[in-house]
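Here's the structure, in structure tokens; my notes come after.
Please treat every number below as a calculation from the coordinates, not as lab data. It should be emphasised that the depicted structure is a prediction, and the values quoted were computed from it without experimental measurement. Cβ coordinates were reconstructed from backbone atoms using ideal geometry, including for glycine residues, and neighbour counts include every protein chain displayed.
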Amino acid sequence: MKFIHVGVGGFGQQWVRTLKASKAAEVVAMVDVSEKSLEAAREIGGYSKNICYSNLKEAMAHVKADAVVSTTPPAFHKKDVITSLKSGLHVISEKPMSDTLPACLEMVRTAQATGKTYVVSQNYRTNPGMWTLSKLIRSGKLGQVGQIKIDFYMGIDFGGGFRHEMPYPVIVDMAIHHFDLIRFITGMDAIDVQGVSWNPLWSNYKGDCSSNTVFTMSNNAKVLYTASWCAKGSFCDWNGNWQIECEKGTVTYSHGQIKLHRTKGLYHVQKVEDVKAVGPKRSGQDYVLEEFMSAVKTGSKSMTDCLDNIRSVSMVLSAVAALKSGKKVKVLDPRIIKLLE
């Protein structure tokens, strides 16, 4: 499959490596407004300067492609995705789908209208620990989920850039992974959310970089998500620390270690077991790319197809609305419900 890769700087370099490593993918054009980023990408992939362009439409006019990978900042996804879909190309975009609901709705509607595959990269699902939690919880062996606590405390300085300027950076740019994992692990969707946010006195982020949100899930279970990108230290890995409490026991995850706490009666822990984390054969962007190409070829749906992912990005957008208003907010906007129907 022939790809145009848009946005090859920063995290886009990871996709440069992913596409280069795939035997089934061929990069026929790279697009970026920065010549420096293009130069770095050429060096990583061993590409010629002849395949480099400063804008997507110019690249489309010069090469024949099947699909586009967009790894630009969230605010630019809409233009890249819609331009590509309307030009008959399938699309993978990085998370989050976009930073506004109208943009997300327009992209999903365009994918539906054109009949093209549009997938959002949610690579955290394929982490062995998260994959194992999903298998365990969805098996039903522990009964229904009752409550979940997720802590994500990391001190991260990006040295400036859009993350340091955006409102609620840890929610808008990072929490999409964890919110998507909540759905992936439990098999449930979120109904409503409420929360508070703040910025510690030492934070070098403009927007509130610490927050506490509570989601109500479709079975009325509660999920407490506490996060900060300006913590004084890093107290978890990128997946966060998880405590999932069910009718028959609790599963915990921390730094790659999974433990199953089996309970007897109401609350007494009868046995604690170590659970081996086992993921799919491919993981991360490699999995996303392979599943995407399979979906295009067979007409099947990728597990992070835009129609699924809009439920995850809605958790982000509703969380932001709840933090701004200080009120409980419904997760699915009526326009999304209509779209899904």
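Give me the aspartates and glutamates in straight-line cross-link reach of residue 259: C-alpha distance below 19 Å, same-chain residues under 8 apart excluded. The qualifying aspartates and glutamates are 151, 237, 245, 247, 273, 274. Return the Rg/Rh value of the stretch 114-166, two decimal places, where both radii are evaluated on C-alpha atoms and Rh is the Kirkwood radius. Looking at the stretch 114-166, the ratio lands at 1.13.
The three principal axes of the Cα atoms in the stretch 185-341 give end-to-end lengths of 46, 45, 33 Å, sorted in falling order. Expressed as a fraction of 2.2 N^0.38 Å, the C-alpha radius of gyration for the stretch 125-275 is 1.09.
Test of understanding: in a Gaussian network model of the chain with alpha carbons linked when under 10 Å, which of 204, 50, 212 would top the mean-square fluctuation ranking? Between 204, 50, 212, it is 50 that shows the largest mean-square fluctuation. Here's the list of aspartates and glutamates a cross-link from residue 20 could span, going by alpha-carbon distance under 18 Å and ignoring same-chain residues fewer than 8 apart: 32, 39, 43, 66, 94, 286, 290, 291. Exposure proxy ranking for 20, 259, 36, based on other Cβ atoms within 10 angstrom of each Cβ and starting from the fewest, stands as 36, 259, 20. Each Lys or Arg adds one and each Asp or Glu subtracts one; over the other residues with Cβ under 13 Å from the Cβ of residue 194, this totals +4.
A value for percent of Cα pairs over 26 Å apart was derived from the coordinates, and within the list (1) 51; (2) 61; (3) 55 it appears as (1).
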